[in-house]
1. Regarding segment 101-119, can at least one residue be identified that is in a strand (DSSP E or B) and of a type outside the set (A, V, I, L, M)?
2. Restricting attention to segment 82-97, which residues are buried (at least 22 other Cβ atoms within 10 Å of the Cβ), within 13 Å of the chain's Cα centre (by Cα) and at pLDDT 95 or above?
3. Is segment 18-29 home to any residue that is within 19 Å of the chain's Cα centre (by Cα) and in a helix (DSSP H, G or I)?
4. Need the failing condition index for Q150 against (1) exposed (fewer than 12 other Cβ atoms within 10 Å of the Cβ); (2) over 29 Å from P39 (Cβ atoms); (3) more than 17 Å from the chain's Cα centre (by Cα), just the number.
5. Would you mind finding the one in N38, N46, N88, N65 that is within 16 Å of C176 (Cβ to Cβ) and free of Cβ contacts under 8 Å to residues at least 60 places away in the same chain?
6. If you check I180 against the conditions, is it of a type in the set (V, I, T), surrounded by 13 or more Cβ atoms within 10 Å (Cβ to Cβ) and under 20 Å from W70 (Cβ atoms)?
7. Give the residues of segment 44-74 that are part of a helix (DSSP H, G or I), at pLDDT 95 or above and either under 12 Å from the mean Cα position of the chain (by Cα) or not basic (K, R) (or both), sorted by residue number.
8. Specify which of the listed residues (R48, R55) is charged (D, E, K, R) and buried (at least 17 other Cβ atoms within 10 Å of the Cβ).
Amino acid sequence: MWSEHFGRVSRVGELVEKRGAKFNITLDHSHVIFKIDNPKEQEVLNMRADVEAGRVVLDPFKPGNVASEWIARNYVSHAHARPSAPANPINIWAKHPDGSYGRGVQYPFIKPAPGEWHSEWREEQLAAWKEVMRQLLIHHAARADSSLGQISMEIIPAPDYGGGARYSLLENNIACAKWIRAQWVEIQCAAASVA
């Protein structure tokens, strides 16, 4: 998720599976979500032109988006739960050894108290991230052969994530885990009512 051009992931998966092996990825969709409406970050992976031309779709609410494709292809064996927002603000509270600010991949899951975060927080900014997580859970509930083995909580303190933040990483991880569990129960109940 950090270093690969998102448009190549499925092509690599097809090559691997043509050779008879199962292709698995760790889905860390925070890296997809924070690149939405973020040309500078799209350039990091040299995919801005592909995004602008519609060859790579990042928005999970649009058809043909990369996260939905990876989920539908049953590639996801592990998922990182790190909330993110489109065009997430850089992390001005943490710097790398070279003096550059953190890339801002992480967005607080619960509203920070005044002074706990450097930017305005709006819950609706989490909608795209939550949509991918819901899609993954729906896939897992619907397919007996789902590759998903586990989801790990990944709200972390590194500079590109929550370094320097004054909000509780632990409380955010707990709230995010509770949300995922509630979504899972809701999805299972919906599936049971249809069956």
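1. Quick first cut of segment 101-119, residues in a strand (DSSP E or B) only: 101-102.
When the remaining residues are screened for being of a type outside the set (A, V, I, L, M), the result is 101-102.
The answer is yes; a qualifying residue exists.
2. Within segment 82-97, the first condition is being buried (at least 22 other Cβ atoms within 10 Å of the Cβ), and the residues that meet it are 82-85, 88, 91.
Then drop every residue that is not within 13 Å of the chain's Cα centre (by Cα), which leaves 82-85, 88.
Within segment 82-97, R82, P83, S84, A85 qualify.
3. no
4. (3)
5. N88
6. yes
7. Our first condition is that a residue be part of a helix (DSSP H, G or I); within segment 44-74, this holds for 44, 48-52, 66-72.
The next check asks that each one be at pLDDT 95 or above; those that pass are 48-52, 66-72.
Of everything in segment 44-74, those that are part of a helix (DSSP H, G or I), at pLDDT 95 or above and either under 12 Å from the mean Cα position of the chain (by Cα) or not basic (K, R) (or both) turn out to be A49, D50, V51, E52, V66, A67, S68, E69, W70, I71, A72.
8. Only one candidate qualifies: R48.
The values are calculated or read from the model by the stated rules, or taken from the named source; none is laboratory data. Bear in mind that the values here come from a model prediction, so they are computed numbers and not experimental data. Here Cβ is always computed from backbone atoms with ideal geometry, including for glycine, and neighbour counts include all displayed protein chains.
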